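In what follows, a single structure is set out as structure tokens and then discussed.
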Amino acid sequence: MSGRVENKVALITGAARGQGRADAVRLAGEGADVILVDVCAPLPGVLYESATPEDLQETERLVEKTGRRAIGGIADVRDAERLRGFVDDAVAQLGGLDIVVANAGICIPAPWDEVTPQIFDDTMSTNVTGVWNTVIVGAPHLVRRGGGSIILVSSSAGLKVKPFMVPYSASKFAVRGMAKAFAAELGQHHIRVNSVHPGTVNTPMGGGDMADAIGAAISRYDRLAPMFTSLLPVTWTEAEDVAQAVLFLASDESRYITAHEIAPDAGVSEF
Ligand SMILES: NC(=O)c1ccc[n+]([C@@H]2O[C@H](COP(=O)([O-])OP(=O)(O)OC[C@H]3O[C@@H](n4cnc5c(N)ncnc54)[C@H](O)[C@@H]3O)[C@@H](O)[C@H]2O)c1
């Protein structure tokens with residue numbers, strides 16, 4: 001039986017762990033070869049552990065266990081030229097590219113008057129410029145292929161504001177807008193572009209001192225605390241739940257869905 005993305009090739013950023021890893025394993029399990037990018041280095045200003053080269057190797061191992069090919073590379077999505085060099089080479093090795101998942105991102109919560117210019121710049125350069133770089137590097141390969149699917153990972157904070165995250169919310173609304181804008185122009189090449197909006201996902205991003213930082217921020221104006229509530233009675237979702245949405249958008253099952261948002265967020269963006 002053939003898989004839902006059989007013999008397609010996918011580029012995934014932020015693939016060393018978390019959602020990027022889950023996407024890689026899910027797509028490979030449905031027949032795709034994958035190109036895995038991660039910075040694997042200390043992330044600017046974050047309150048959780050950073051990913052390591054060993055994490056990226058583990059994602060490669062998990063993909064290869066499915067019988068598909070994985071090419072992993074260390075690159076910072078903020079560095080377009082380095083990203084292009086690695087991606088172009090990997091695409092040449094795998095014979096083309098069909099799917100782009102721009103997933104790499106960071107989150108630094110803080111009350112509005114504790115956000116430094118550095119935090120704002122780091123968030124925008126990673127979450128917005130990094131996503132833009134990923135599309136600019138990946139899309140020409142999809143044009144050459146005559147079509148494909150681009151998935152930009154935003155957040156429920158790109159549909160409804162998550163309080164105490166001004167830079168993050170700004171970046172994730174920007175990603176949502178970017179998906180629609182690219183969808184308009186790339187439609188002529190049969191390329192679809194959609195955004196995915198997870199809620200709270202059980203990944204390293206939620207670890208470290210994140211819960212304490214959000215808790216401290218909420219204490220500044222606790223009327224906003226219910227904004228983190230989901231409609232379904234769950235506290236978080238798993239990375240694999242988000243990967244299901246990514247797989248759907250990557251596959252031909254969604255062949256006429258473009259310029260849209262999918263939110264596997266347990267309903268937090270509607271609460
Ligand atoms: N975890 C959540 O609750 C949550 C909720 C909504 C949206 N998101 C978004 O989902 C995406 C994946 O997050 P996650 O939960 O898997 O977090 P994570 O921190 O576990 O994984 C993110 C990965 O991206 C990589 N990365 C960060 N900056 C990079 C850069 N400049 N270049 C290359 N790689 C870089 C990291 O090294 C890491 O491996 C992010 O865009 C995040 O904003 C996360």
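The values are calculated or read from the model by the stated rules, or taken from the named source; none is laboratory data. Computed from a predicted model, the values in this text were never measured in an experiment. Glycine gets a Cβ as well: all are built from the backbone with ideal geometry, and neighbour counts include every protein chain shown.
Only one entry of ALA184, ALA263 meets the criterion of being in contact with a strand residue (DSSP E or B) (Cβ under 9 Å, 6 or more places away or on another chain), exposed (fewer than 14 other Cβ atoms within 10 Å of the Cβ), hydrophobic (A, V, I, L, M, F, W, C) and modelled with pLDDT of 95 or more, and that entry is ALA184. Of the residues making up the range 135-166, those that are in a helix (DSSP H, G or I) and touching a Lys or Arg at 6+ places or on another chain (Cβ under 6 Å) number 3.
Counting only residues that are within 11 Å of the ligand (Cβ to nearest atom), within 29 Å of ARG255 (Cα to Cα) and outside any strand (DSSP E or B), the range 179-235 holds 4 of them.
Residue-level analysis places MET124 among those that are of a type outside the set (Gly, Ala, Ser), out of contact with any Gly (no Cβ under 7 Å at 6 or more places or on another chain) and within 13 Å of the ligand (Cβ to nearest atom).
Hey, any hits in the range 73-94 for a residue that's away from the ligand (no atom under 11 Å from the Cβ) and not in a helix (DSSP H, G or I)? Scanning the range 73-94, I find no residue that is away from the ligand (no atom under 11 Å from the Cβ) and not in a helix (DSSP H, G or I), so the answer is no. Within the range 50-72, the only residue that satisfies the criterion of being part of a helix (DSSP H, G or I), near the ligand (Cβ under 9 Å from one of its atoms) and over 22 Å from LYS8 (Cα atoms) is ASP55. Of all residues in the range 151-166, those that are under 27 Å from SER251 (Cα atoms) and without any contact (Cβ under 8 Å) to a residue 60 or more places away in the chain have Cβ atoms under 6 Å from Cβ atoms of residues that are of a type in the set (Ser, Thr, Tyr) and surrounded by 24 or more Cβ atoms within 10 Å (Cβ to Cβ), 6 or more apart or on another chain, in LEU152/SER195; ALA157/TYR168.
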